[in-house]
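The next block holds one structure in the form of structure tokens; read it before the comments.
The values are calculated or read from the model by the stated rules, or taken from the named source; none is laboratory data. Model, not experiment: these values are computed from the prediction. Note that we place each Cβ from the backbone using ideal geometry, even for glycine, and neighbour counts take in every protein chain shown. What goes into the accessible areas is simple: the full protein's heavy atoms, side chains included, and nothing from ligands, DNA or RNA. Shrake-Rupley method; radii C 1.70, N 1.55, O 1.52, S 1.80 Å.
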Amino acid sequence: IASLYLYDTLFSGTLPASIGRMENLTELSFYNTRISGNLTQIRHLQKLKLLMFYGTMIDGTLPEALGSNADLLTVLGYGTALSGTIPDSLFKLQKLQSIGLQQTQLSGTLPDPSGMKMLAELSLFDTHITGTLPTALGQLLQLKHLYLHNIQLSGAVPDLSNCTQLDTLSLTNT
């Protein structure tokens, strides 16, 4: 199986550990389900390009090993009980194009995105992220959408004049 999708279902229970043994899985997407548990079992999915889990009962932390997946393009996990910090390794993935982890219990500071050459969307609103905005945000030449509202940021907004693709910037209530 290369793609596994569960949308708008009444399936419930925990995410099975056997998902971690699906070596050819490139897309794992589930939303609006009653699936619960954590994401530790996905740490071995090195071919994963798309990880979407929103509107679920997923909790726990993002596995640090997720950042060792060089082909990962999209991580969307909002409206969950996901907690802990965002792994620094996730922000070192050069091909990653979209991070949407809003409306979660994530905390800590925003990792340095200086190695993210392809990032087009960063959405972390309604989380418990704190600290300052990394100056490296101004180096994200592909950045189109930056949603960091309703989080506890302080300090100066970095120079974003190099972000010529930037279409949406939301920093309200920060």
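If you go through the stretch 1-17 and pick out every residue that is in contact with a Leu (Cβ under 9 Å, 6 or more places away or on another chain), open to solvent by 70 Å² or more (accessible area, probe 1.4 Å) and of a type in the set (Ser, Thr, Tyr), you end up with 1. Contact annotation: residue pairs with Cβ atoms under 6 Å, 6 or more positions apart or on different chains, pairing a residue in the stretch 92-121 that is under 17 Å from Pro158 (Cβ atoms) with a partner that is of a type in the set (Asp, Glu) and open to solvent by 30 Å² or more (accessible area, probe 1.4 Å), are Pro111/Asp88. Can you tell which of Leu50, Leu82 is under 19 Å from Leu110 (Cα atoms) and either modelled with pLDDT under 95 or within 11 Å of the chain's Cα centre (by Cα) (or both)? Of Leu50, Leu82, the one residue that is under 19 Å from Leu110 (Cα atoms) and either modelled with pLDDT under 95 or within 11 Å of the chain's Cα centre (by Cα) (or both) is Leu82. Checking Ile19 against (1) in contact with a Pro (Cβ under 9 Å, 6 or more places away or on another chain); (2) of a type outside the set (S, T, N, Q); (3) part of a helix (DSSP H, G or I), only one condition comes out false. Which one? Unmet condition: (1).
Pairs linking a residue in the stretch 160-174 that is touching a residue at least 40 places away in the same chain (Cβ under 8 Å) to a residue that is charged (D, E, K, R), with Cβ atoms under 7 Å and 6 or more positions apart or on different chains, are Gln165/Lys144.
Remark: pairs (first residue in the stretch 54-68, in contact (Cβ under 8 Å) with a residue 12 or more places away in the chain; second residue aromatic (Phe, Trp, Tyr) and open to solvent by 40 Å² or more (accessible area, probe 1.4 Å); Cβ separation under 7 Å; 6+ apart in sequence or on different chains) = Tyr54/Tyr31; Tyr54/Tyr78; Gly55/Tyr31; Thr56/Tyr31.
In the stretch 42-57 there is no residue that is small (Gly, Ala, Ser), open to solvent by less than 50 Å² (accessible area, probe 1.4 Å) and either part of a strand (DSSP E or B) or touching a His at 6+ places or on another chain (Cβ under 8 Å) (or both).
Against the definition (assigned to a strand (DSSP E or B), open to solvent by less than 20 Å² (accessible area, probe 1.4 Å) and farther than 21 Å from Leu25 by Cα), how does Leu106 come out, yes or no? It is true that Leu106 is assigned to a strand (DSSP E or B), open to solvent by less than 20 Å² (accessible area, probe 1.4 Å) and farther than 21 Å from Leu25 by Cα. Residues that are polar (S, T, N, Q) and out of contact with any strand residue (DSSP E or B) (no Cβ under 8 Å at 6 or more places or on another chain) within the stretch 10-20 comprise just one, Ser18. Number of residues in the stretch 116-174 that are touching a strand residue (DSSP E or B) at 6+ places or on another chain (Cβ under 8 Å), part of a loop (DSSP other than H, G, I, E, B) and on the phi > 0 side of the Ramachandran plot: the value is 1.
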